[in-house]
Structures are given as C-alpha cells and as structure tokens.
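Remarks on the structure that follows.
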Amino acid sequence: MKRIALAILFVLVAMNATAADFFSTEKSDDLFTFGVRAGINTSNRTVNKDATGSYNFQSWGTGFTAGVTASLNIRDYLSIEPGLFFESRSGHSTFTSDAIPTAEGLCYVTQSAHRHTYNLIIPVLASIRFNVTKDLRWHVDFGPYVGFTLKSKLENKELLSTRPDLDNEAPFSAKVAPVDFGFKMGTAFELYRKYYVGIHYEAGAVKAYSDQSLGGGMERIYGGRTKAWNFTVGLNF
C-alpha cells in the first residue's frame, strides 16, 4: 500500500513539475529580444455586394511579407510584441455593371482586373508562450494592428460591353482606403529560442475602400474588408 501511495505521490509531483515548466511564471532571462521575419502572404479585399452593380467577385492573391519585431518579456510566459512589417498584396476582381439603358436596349459592362497594394503594417501583440520541451516553445498571439497603404494599383485586364462605345466605362474604379485597422492573431513555434516559424491572420475592421462621389451630393459606399494570412520564418536575437 505504501508503495502505491509513493508511486501516486511521485506521479503527482512529476505532473506538477511538468505543468510548471510548460507554463512558467518565472522571470524571463532576457527583458528585451528582437526578431526578423520574412515570408509569403495570401490576401483578399472585399467589396459590398451592392456597391458596383449586378455582380462582383474578389479572389485571394499572393504577396510577400518582411519585417522586424521587438519583444518586451514581462514574464517567461508573457510578452508584448510590437512589430513593423512591409507587405505586398495582390488579387483578382471581376465586376459586372447594372443594366445601362440605351437606344439599342439594355447594355452591360464586364470588368476583369488585377489589384496590387504595398502596405506598412504595425501590430502590437500579446504573446503567450508555452514550453513544449526544453528547446521548443509554442506562441499564441493576439492584438490590434494599424495599416498604411503606401501604393495601390487596379489594372484592367479585360473590359467588355455589349456596346463598343462603353468599353472604357469601368464598373469599378474605387481607391483603396489609406488607413486600415483590425486585429492580428496566430500561432508560432520557436526552436532553441532562436529559430522561428509562424502563421497569422489579419482581419480588417474598417472599410477597405474610399467612397466615390457620384455627383449631386451622392456617394457610392464600397465598404468591404481587408483580410490576409501570413506565413513567416525568422530569427530571434
């Protein structure tokens, strides 16, 4: 009986020690650490369904991501991590206008376009760290971000209509909003507290496009949201 009780006590002590190591509340060895990140992203920029006509569709596109991070390590398990990232984003769009009445009858214009933006993204994340093993750490991250559009371009690939003289009247020509705000969340693994691999999602919380004046005090509300997945690798110092 004593042996069984000692075995149970040994297991409980071992489990408690493992849990303490997994979620360590000890003081971090380094108050500040820094990192560099690089990788690819896939993103989308939606448009309100009723903003452009009878049909609009936006596909996900690819781009690249590069940036730096700085971690304020409050405890071994908790860090505040601001970052500065440059992101290239892209995607394809297809729009069809509302019916345009003409002398020959109703006319439709269809536009196929490629969008490309360059953005500066500044996230501030709370990062919870778990010690999976002595050399492997697991991060769970969440926090707000603000984004600034450095450059944007919408290039028409095809513009067709049932009336040749309307071929240059694109159903969609809205400007990308200069500032984006939203939330970034994700997870990452860190090996030897140096090598890093992560995946994060950015969800825009404000409208993605600037409104367009239609004259007579009217505006077209494009709305929409930005969203992106980032896959990065990096080094910590």
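Annotations for the structure displayed:
- Reference-scaled alpha-carbon Rg (2.2 N^0.38 Å with N residues) for segment 30-236: 1.27
- Whole-Hz ³J(HN,Hα) from phi, Karplus 6.51 cos²θ - 1.76 cosθ + 1.60, for segment 178-191, glycine and proline x: x, 10, 10, 9, x, 10, 10, 8, x, 9, 7, 10, 10, 9
- Placing a pseudo-label 7 Å from each Cα along the Cα-to-Cβ vector at residue 122 and residue 157 gives an inter-label distance of 3.5 nm.
- HN-Hα J in Hz across segment 33-42 - Karplus 6.51, -1.76, 1.60, θ = phi - 60°, x for Gly and Pro: 9, 10, x, 10, 9, 8, x, 10, 9, 10
- Gain on full stretching of the segment that runs from residue 68 to residue 235 - 0.36 nm per residue minus C-alpha separation: 59.1 nm
- Intensity falloff of segment 112-194 expressed as log10 I(q)/I(0), Debye formula with alpha-carbon point scatterers, at q = 0.17, 0.25 Å⁻¹: -0.81, -1.10
- Given R0 = 30 Å, the distance between the Cβ atoms of residue 206 and residue 31 translates into a calculated FRET efficiency of 0.30.
Taken together, the values in this text are just the output of simple stated rules run on the coordinates, not laboratory data. Just so it is clear, the model here is predicted, and its values are computed rather than measured. All Cβ positions, glycine included, derive from the backbone under ideal geometry; neighbour counts span all protein chains shown.
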